[in-house]
């Protein structure tokens, strides 16, 4: 249940490949599917006989023609959609992942399982934001479960190295793999080192120990990760300013008001005027005039209109190059931490970071 979507779909394909008696296995949605063999076998395995899906593609030597035949079978299953032969032969990972996801949803080919109790744990918006931020920086391994995947400290150490390159002494890090005997102790040592690095960067970590991260304490883990994301966002601005001093919140607010002068005023990251996203819209348009079509926005408005405004301005901000992790709900609910990251990302664009 902690696996990411890609890992689950790879398992699903390999399950059906094995069930079909094939020795073929796939480890990715790029090189391993280029020859169309896995697709041909899996679709023949999951398709009802009445659909007329076949394995004729396995007798075809030309890879492009093979891919065409795969999509002909997919069309019989109403799963062809957006994939083209060059996407298969070229091993386009995202399009092939989406194609397999569609096959899985339409024709899972799995027997119903009874008497299994599954605990469903919903991810909060804040958790999703932090996880997306980590993965956008290319951390390894990919973070699927925020608390489980941070407990060995390695992802956190890699993030610290992104925040301030060179700060991590990798000779002090236990890189794994972690054995059952003594492995937990090494992971706690990594987490303790993360707390030490946070203190070096001036984080408020009173009452937080490495074992809290290892034990997957939600409140304490989120407290550390929030400060890391904030430090990363502000480190971008500090580099542009040419100084080592952290930019204060009021400096960002002053910059916002200077940019949107005459279009209102923002007093803090929890200012009620931010709820309809209009100040952010004016800010985006001030940075790159003509980006915002104000006829699509509602001044004030109900909750649905505010949410539409927020969605639009976040999309527009990303369009001009801002690395925005916050969600539309964060704006209308005045989540000051998330709004700070929006302003910081837009400020970075304005200062020339993402030209």
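The values are calculated or read from the model by the stated rules, or taken from the named source; none is laboratory data. If you're wondering where the values come from, they're calculated on a predicted model, not measured in any experiment. So basically every Cβ, Gly included, is an ideal-geometry build from the backbone, and we count neighbours across all protein chains shown.
Details
- Which numbered condition residue 239 fails, given (1) under 30 Å from residue 165 (Cβ atoms); (2) surrounded by fewer than 16 Cβ atoms within 10 Å (Cβ to Cβ); (3) in contact with a helix residue (DSSP H, G or I) (Cβ under 7 Å, 6 or more places away or on another chain): (3)
- Evaluation of residue 27 against (1) surrounded by 12 or more Cβ atoms within 10 Å (Cβ to Cβ); (2) under 30 Å from residue 143 (Cβ atoms) (one fails), failing number: (1)
- Of the residues 27, 54, the single one that is farther than 21 Å from residue 5 by Cβ, part of a loop (DSSP other than H, G, I, E, B) and at pLDDT below 95 is 54.
- Contacts under 7 angstrom Cβ, first residue in segment 117-146 being in the same structural domain as residue 328 (by TED's automatic domain parsing) and in a loop (DSSP other than H, G, I, E, B), partner at pLDDT 85 or above and surrounded by 16 or more Cβ atoms within 10 Å (Cβ to Cβ), 6 or more apart: none
- When restricted to residues that are over 16 Å from residue 19 (Cβ atoms) and either surrounded by 10 or more Cβ atoms within 10 Å (Cβ to Cβ) or at pLDDT below 80 (or both), segment 101-111 contains 3.
- Segment 127-146, residues that are surrounded by 19 or more Cβ atoms within 10 Å (Cβ to Cβ) and over 21 Å from residue 324 (Cα atoms): none
- Of all residues making up segment 80-92, the number that are in contact with a helix residue (DSSP H, G or I) (Cβ under 9 Å, 6 or more places away or on another chain) and under 19 Å from residue 32 (Cβ atoms): 9
- Residue that is closer than 21 Å to residue 328 by Cα and either assigned by TED's automatic domain parsing to the domain that holds residue 153 or without any contact (Cβ under 8 Å) to a residue 60 or more places away in the chain (or both), where the choices are 264, 207, 202: 264
- Residue in segment 30-43 that is part of a loop (DSSP other than H, G, I, E, B) and within 27 Å of the chain's Cα centre (by Cα) present: yes
- The helices (runs of 4 or more DSSP H) found wholly in segment 200-289 and carrying at least 2 residues that are closer than 28 Å to residue 185 by Cα occupy 210-214, 218-241.
- Some residue of segment 173-183 being under 18 Å from residue 228 (Cβ atoms) and either out of contact with any strand residue (DSSP E or B) (no Cβ under 7 Å at 6 or more places or on another chain) or in the same structural domain as residue 232 (by TED's automatic domain parsing) (or both): yes
- Condition check for residue 159: crowded, with 18+ Cβ neighbours inside 10 Å and not assigned by TED's automatic domain parsing to the domain that holds residue 337: yes
- For the residues 310, 348, 326, 322, the requirement of being over 17 Å from residue 232 (Cα atoms) and under 21 Å from the mean Cα position of the chain (by Cα) singles out 310.
- Tally, over segment 60-86, of residues that are surrounded by fewer than 19 Cβ atoms within 10 Å (Cβ to Cβ) and assigned to a helix (DSSP H, G or I): 9
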